[in-house]
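Below is one structure, written out as structure tokens, with a few remarks after it.
The values are calculated or read from the model by the stated rules, or taken from the named source; none is laboratory data. As the structure is a computational prediction, the values presented were derived from the model and not from experiment. Note that we place each Cβ from the backbone using ideal geometry, even for glycine, and neighbour counts take in every protein chain shown. With ligands, DNA and RNA removed, areas are computed over all heavy atoms of the protein, side chains included. Shrake-Rupley method; radii C 1.70, N 1.55, O 1.52, S 1.80 Å.
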Amino acid sequence: MKLTNTKRLERLHDRYINGDLSRRTFLGLTAAAAASAGISMAWMSAALAAVEQIRFDGWGGVVQDALSQYAFQPYTAKTKIKVVQGTFGNETEILTKIKTGMPGDFQVVHSSGVANYVKWVNAGMNSEINEANIPNMANVMQAMIEPFRKLTPKLSAVPYDYGTTGIAFNTKVISPEEAREKGASLLFDKKYAGKIGGFSDMVARVWYAALATGQDPNNIKDMDAIWAKVREMRDLAKKFWGSGAELMDLLAKGEVVVTDAWSGRVAVLQQQGHPIGYLDPPGSLAWMDDMLILKGSPMPECEELVNFMLEPATAIAVAEAQNYPPSLDPTKVKLTEKIKKLPAYDATGTMKSLTFTDPIYWEANSDAWTKQWDRISKGA
């Protein structure tokens, strides 16, 4: 049966909402069909309107403040497109939230690396970036791009920064020599019971339990030993923190004297004059953040935003403000002395000195391990 013009437009709209058409293709086909038929649909005026804003969701705190000041505000001044910002404390939280919405409601997410990228892909929320629209990707370290491309040859995300979840300690209580000697076991030292902290996150808890039991976090052989160690730390800890702001507050006030911690937040405390040391023990958890463009987003505008964010001047300003090294290849782009002194900085551009999660391994175990961590965190 021959389709009516109205039905054809409805099907185009459905394909766009489902992520089967890019916004550019959708608008072109819609405009052509509508013009030839002399008709319109209720949703067409909004769909055909120029993009006036992009939705961005990130981790908040000093990281998002840096992005807002040095990337989003200049981008808006240049393009007149406003970046509307939201925040989240846990990436699983926003992934669940987006699942209940419509494609396009959320657009760019400051996502945490390939382990989470797998989750977005498995949920069918990934887009396909036109890399020709992001020429500044040429300056991004290939060692950061390759793990994403192994999962999806057509990328939905662009690496933006990186860091480590190492061990922070109060130097008035714990010497650097003691920290280096004890390494990961410092988080389980009964001498500091009631003064220990940790990230309230399954990956961090399992990772450091693996290091403390002498196991490879990407190939764990004895999970019973892992959960026993996680319970041991739970009983010693004063608090498991849920955000960078909470981490900084606990350390600054001396409520905890040792905790696993995000390298950039520790750098801020050190710059503020707090007596906080930082150690990346062997096998310390490294991560890379990316700018993830979700299915249903206005792709050309989102690609333009990400390309703007990767401009060396912009990326360097953001990195200096948020205290995490940028994804820019230091062998291609001259970085500042401040960036070179940041924890986790890799001068080689190869990332070989850092240990990342194996995304396939961790995704395969994520649900079961998360449920177990939730039970243990509640006292089981």
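Each residue of region 273-283 is assigned a 3J(HN,Hα), and the resulting list reads x, 6, x, 10, x, 9, 9, 9, x, x, x Hz, derived from the Karplus form 6.51 cos²θ - 1.76 cosθ + 1.60 (θ = phi - 60°), x at Gly and Pro. Beyond 23 Å in Cα-Cα separation lie the following of the pairs K190/K378; K119/K378; K191/K341: K119/K378; K191/K341. Near W241, the amide H atoms lying under 5 Å from its own belong to G198, F199, S200; only residues 5 or more places off or on other chains count, and H is placed 1.01 Å from N. Ordered by solvent-accessible area of protein heavy atoms (1.4 Å probe), largest first, the residues E131, E303, E181 come out as E181, E131, E303.
Excluding ligands, DNA and RNA, what is the solvent-accessible area per residue of region 265-315 at a probe of 1.4 Å, expressed in Å²?
Values: 1440 Å² over 51 residues.
Normalised by residue count, the accessible surface of region 265-315 is 28 Å².
Around the amide H of G60, modelled in the peptide plane, lie the amide H atoms of F88, all under 5 Å away and 5 or more residues distant in sequence or on another chain. Pull up the DSSP beta bridges for the chain and report the antiparallel fraction as a percent, rounded to 5. Roughly 60 percent of the DSSP beta bridges within the chain come out antiparallel. Using a Gaussian network model of the chain in which every pair of alpha carbons under 10 angstrom is joined by a spring, one finds that among E320, E311, E177 the greatest mean-square fluctuation is at E177.
Note on the chain: dipole from Cβ charges, positive end direction compared against V83, P217, V230; the farthest Cα belongs to V83.
Here the Karplus curve 6.51 cos²θ - 1.76 cosθ + 1.60, taken at θ = phi - 60°, turns the phi angles of region 76-85 into couplings of 5, 4, 7, 10, 6, 8, 7, 9, 8, 10 Hz, with x standing for Gly and Pro. Residues K229, K195, K378, K82, sorted by accessible area with the largest first, give K378, K82, K195, K229 [1.4 Å probe; ligands and nucleic acids excluded].
When all alpha carbon pairs of region 199-265 are counted in 5 Å bins from zero, the resulting P(r) reads 3, 17, 27, 21, 17, 10, 4, 0 %. Figure note: D374, D260 ranked by solvent-accessible area, largest first, 1.4 Å probe, ligands and nucleic acids not counted: D374, D260.
A convex hull fitted around the alpha carbon atoms of the chain yields 150 Å³ per residue.
The stretch between N90 and I376 holds 101.1 nm of extra length on full extension. This uses 0.36 nm per residue minus the Cα-Cα distance. Using the Cβ of D329 as centre and a radius below 15 Å, the other residues enclosed give a net charge of 0, where K and R count +1 and D and E count -1.
Karplus-derived 3J(HN,Hα) values for region 285-290, using 6.51 cos²θ - 1.76 cosθ + 1.60 with θ = phi - 60°, are 6, 9, 8, 10, 8, 9 Hz; glycine and proline are entered as x. What number, in nm² with one decimal, is the all-direction average of the projected area of the convex hull of the alpha-carbon atoms of region 315-380? That works out to 6.7 nm², a quarter of the Cα hull's surface. Taking a sphere under 13 Å around the Cβ of N218 and counting the other residues whose Cβ falls inside, with K and R at +1 and D and E at -1, yields a net charge of -2.
As a check on your grasp of the helix formula, calculate [θ] at 222 nm for the chain: sum -39500 (n - 2.57) over DSSP H runs of n ≥ 4, divide by the residue count, round to the nearest 500. Write down the numbers at each step before the final one.
On the way: 17 runs with 171 residues, N = 380.
It comes out at -13000 deg cm²/dmol, rounded to the nearest 500.
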